[in-house]
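The values are calculated or read from the model by the stated rules, or taken from the named source; none is laboratory data. Model, not experiment: these values are computed from the prediction. Heads up, the Cβs are rebuilt from the backbone with ideal geometry, glycines too, and the neighbour counts pull from every protein chain shown.
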Amino acid sequence: MADAPRLSQRDLAAAWDQAVDASGLPVVVGDPARPKPRVVFGAPLTVGMASDGELLEIVLTQRLPAWQVREALTPLLPDGWSLVDLADVWLGGPALVGRVIAADYRITLGGSGDATALAAAAQALLDARSLPRERLKGGSPVPYDLRPLLADIQVVEPGPPVGIGIRTRFHVELGTGRPEEVVLALSDRLGTPLTIDSIVRERVVLADGPG
């Protein structure tokens, strides 16, 4: 998805809806006056962020073999996207959105960087009981605690350039941890500005999935 167009979440969802509509698959749309989206994303993807593995949910009115769904969808996928796998899910189970609890990101930092100092700063963040931060909401700063939304940080590539892996949590009440805010917290801990060359969301983590 690195070469996918930079679309908003709404435009991306519309592109997937159009692809599924054109595929002819028997998709559940609900009330024609207020049709449901044909495709539901497990978690929103920030505009311009690349991804190695997104989870999407499509509900059909009849069960079809995976090969048939693949053949119908593959030629019509939005630009830059590829279909990696398909799986049946139990209709009586929770919706995909409600099962997402975290996401893994791979971040490449600009400059040479000091991997040892960065690893120490990462451990300090994980050891902290709270990480007070601020987010802009409606143009005004709103205080929040980043720590409950941060699951893990690791230096995965000593560099240069230095690469770090971050897992952030999704919380129904507290919100979602953002990888760029974790980098800002690392920067504050180091006392040195850190720049981001690239962010890739590698995986969306489910409550009932591995890891």
Quiz prompt | Any hit, segment 185-193, residues being surrounded by 13 or more Cβ atoms within 10 Å (Cβ to Cβ), of a type in the set (Ser, Thr, Tyr) and under 27 Å from residue 42 (Cβ atoms) | solution = no
Practice problem: Please go through segment 86-124 and pick out each residue that is among the hydrophobic types (A, V, I, L, M, F, W, C), touching a Ser or Thr at 6+ places or on another chain (Cβ under 8 Å) and under 26 Å from residue 42 (Cα atoms). | Solution: 102, 103, 107
Quiz item: So which residues in segment 77-121 are among the small types (Gly, Ala, Ser), within 21 Å of the chain's Cα centre (by Cα) and outside any loop (DSSP other than H, G, I, E, B), if there are any at all?
Solution: 98, 102, 103
Quiz item: Which residue out of 127, 145 is among the charged types (D, E, K, R), touching a Ser or Thr at 6+ places or on another chain (Cβ under 7 Å), loosely packed, with under 15 Cβ neighbours inside 10 Å and not assigned by TED's automatic domain parsing to the domain that holds residue 55?
Solution: 145
Quiz item: If residue 87 passes every condition in (1) touching a Leu at 6+ places or on another chain (Cβ under 7 Å); (2) among the small types (Gly, Ala, Ser); (3) in the same structural domain as residue 56 (by TED's automatic domain parsing) but one, which one does it miss?
Solution: (1)
Quiz item: Do the conditions hold for residue 56, that is, is it outside the structural domain of residue 173 (by TED's automatic domain parsing) and under 20 Å from residue 207 (Cβ atoms)?
Solution: yes
Exercise. Please specify each residue of segment 130-139 satisfying the condition of being part of a loop (DSSP other than H, G, I, E, B) and either surrounded by 10 or more Cβ atoms within 10 Å (Cβ to Cβ) or among the hydrophobic types (A, V, I, L, M, F, W, C) (or both).
Key: 131
Quiz prompt | Selection within segment 61-74 - surrounded by fewer than 15 Cβ atoms within 10 Å (Cβ to Cβ) and not in a loop (DSSP other than H, G, I, E, B) | solution = 66, 67, 68, 70, 71, 74
Self-check item: Residue that is farthest from residue 97 (Cα to Cα), among those in segment 183-211 that are in contact (Cβ under 8 Å) with a residue 40 or more places away in the chain and among the acidic types (Asp, Glu)
Solution: 197
Quiz prompt | Residue that is farthest from the chain's Cα centre (by Cα), among those in segment 25-43 that are over 13 Å from residue 59 (Cα atoms) and at pLDDT 85 or above | solution = 42
